[in-house]
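Heads up, the thing below is written out as structure tokens.
The values are calculated or read from the model by the stated rules, or taken from the named source; none is laboratory data. All of these numbers come straight from a predicted model, not from anything done at the bench. We place every Cβ from the backbone using ideal geometry, glycine too, and count neighbours over all the protein chains shown. Ligands, DNA and RNA are excluded from the accessible area calculation, which covers all protein heavy atoms including side chains. Shrake-Rupley method; radii C 1.70, N 1.55, O 1.52, S 1.80 Å.
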Amino acid sequence: MVVKVVENEGDYKSMLSSSQMAVAHFWADFAEECKNVTEVLNELEKEVKNMCIFTIEAEKLPEISMKHEIVAVPTVILFKAGKAVDRVDGMNAAELSAKVKQHAASGVQTNGMAPAAPKEDLETKLKRLIKAHKCMLFMKGNPKEPKCGFSKQTVGIFEDLNAEYGTFDILTDDEVRQGLKKFSNWPTYPQLYIDGELIGGLDIIKEMVESGDLQTMLPKKVDLETRLKELINLGEITIFMKGEPKAPQCGFSRQLMEIMFETKLDFKHFDILTDNDVRQGLKKFSNWPTYPQVYVKGEFVGGLDIVKELKQEGELISTLKGEC
């Protein structure tokens, strides 16, 4: 994939003047989901020809990031004729694919009249951030580099409790920093939300740890093998694929979905583009290097070639029902 890196204001202006639709991926090295967005864009480039992909390191170019209200990474913004026409916040392969294809199909207007993407109001932005993870911490800095003592103590508590949580650095967006104080009616940071509800700051967190209440509320980190065993048992039939059943992100996954829809059997799926740990880990777990992968009642069946062979031999339905 040919990707152009935006490293300065000059590169940014060149991106805006592109004759093709510009797809700008705002990323950061601490966000694993950015790798998954890169994979999705890689697949899209094979199908969509009239676009150019750019990467922008959000923290390295804060003025550009703030101009486009980048409040979290990954974020992808689509530009036509120098105007932002759409965006996808976070990792959502189906939404990203649909929007890129939609705007690419409509062509690029060269009269400078491309419609601007509607600005997200502050309350909507705050609600989206609060619900970005089951456990969401608004702090100064990030877990690897807290920027105040209270945030550092909170991160330490969460690490001791083996908590699974997301964070937002309020130092990167003053609108969020000031707006969340009013929204939550809580004047200081850090602020902890669980399931979209405000828990409180460091003092409340410490009190709940002492009482044992917080431990029952925090989601726990799960080791990869345990998580993989849970995922392969999502349903009677579980398929690991690129994309969603109605929006596959590679030809092999698309072919498999066509076969599965013909069987009219219910199945669960997992989009491996949304989680690189699962994507790489399952290859070793199943000793199978490619995707898609099909599991029946927690047992590995195979990939697309095996499914095709089973169909040709008339054994696919019975295999998927766990009768073989």
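The table below lists the values:
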item: DSSP beta bridge pairing in the chain, given as percent antiparallel to the nearest 5; result: 60 percent
item: Greater than 25 Å apart at Cα, pairs in K131/K220; K60/K283; K13/K125; K147/K206; result: K60/K283; K13/K125
item: Magnitude of the charge dipole, the range 207-304, Cβ model with Lys/Arg +1 and Asp/Glu -1, debye to 20; result: 480 debye
item: Calculated FRET efficiency for the pair E32/K284, C-beta based, R₀ 22 Å, to 0.05; result: 0.80
item: Under the span-like rule (Cα at least 24 Å along the axis, Kyte-Doolittle mean at least 1.6), DSSP H helices of the chain; result: none
item: Theoretical FRET efficiency, 1/(1+(r/R0)^6), r = Cβ-Cβ of E164 and E299, R0 25 Å, to 0.05; result: 0.35
item: Rounded to the nearest 20 debye, dipole of the chain from Cβ charges on Lys, Arg, Asp, Glu; result: 680 debye
item: Label-to-label distance, nm, for residues given as D266 and A98 (7 Å Cα→Cβ offset); result: 2.3 nm
item: For the chain, with +1 on Lys and Arg beta carbons and -1 on Asp and Glu, the positive-most of G298, T167, Q102 along the dipole; result: Q102
item: Structure-derived volume of the Cα convex hull per residue in Å³ - corresponding label in [x] 150; [y] 123; [z] 200; result: [x]
item: Mean separation of Cα contacts under 8 Å (6+ apart) over length of the chain, as relative contact order %; result: 14 percent
item: Solvent-accessible area per residue, Å², over the chain with all protein chains present [probe radius 1.4 Å]; result: 52 Å²
item: Which of H68, L129, I237, positive extreme of dipole for the chain (C-beta unit charges); result: H68
item: Under the Karplus curve 6.51 cos²θ - 1.76 cosθ + 1.60, θ = phi - 60°, whole-Hz ³J(HN,Hα) for the range 20-30, x wherever Gly or Pro sits; result: 9, 5, 9, 10, 9, 9, 7, 9, 8, 5, 7
item: Test item: Cα-centred dipole of the range 117-172, Lys/Arg +1 and Asp/Glu -1 on Cβ, debye; result: 160 debye
item: Cα-derived Rg to Rh of the range 141-250, Kirkwood definition; result: 1.08
item: Rough spin-label spacing in nm, given labels placed 7 Å along Cα→Cβ, for S211 and K46; result: 5.4 nm
item: Sulfur and carbon atoms: percent of accessible area, the chain [1.4 Å]; result: 50 percent
item: Relative contact order (percent, whole number), the range 183-324, Cα cutoff 8 Å, 6+ residue spacing; result: 21 percent
item: Whole-number percent relative contact order across the range 187-268, with pairs defined as alpha carbons under 8 Å at least 6 apart; result: 18 percent
item: Measure of compaction for the range 1-114 (Cα Rg per 2.2 N^0.38 Å); result: 0.96
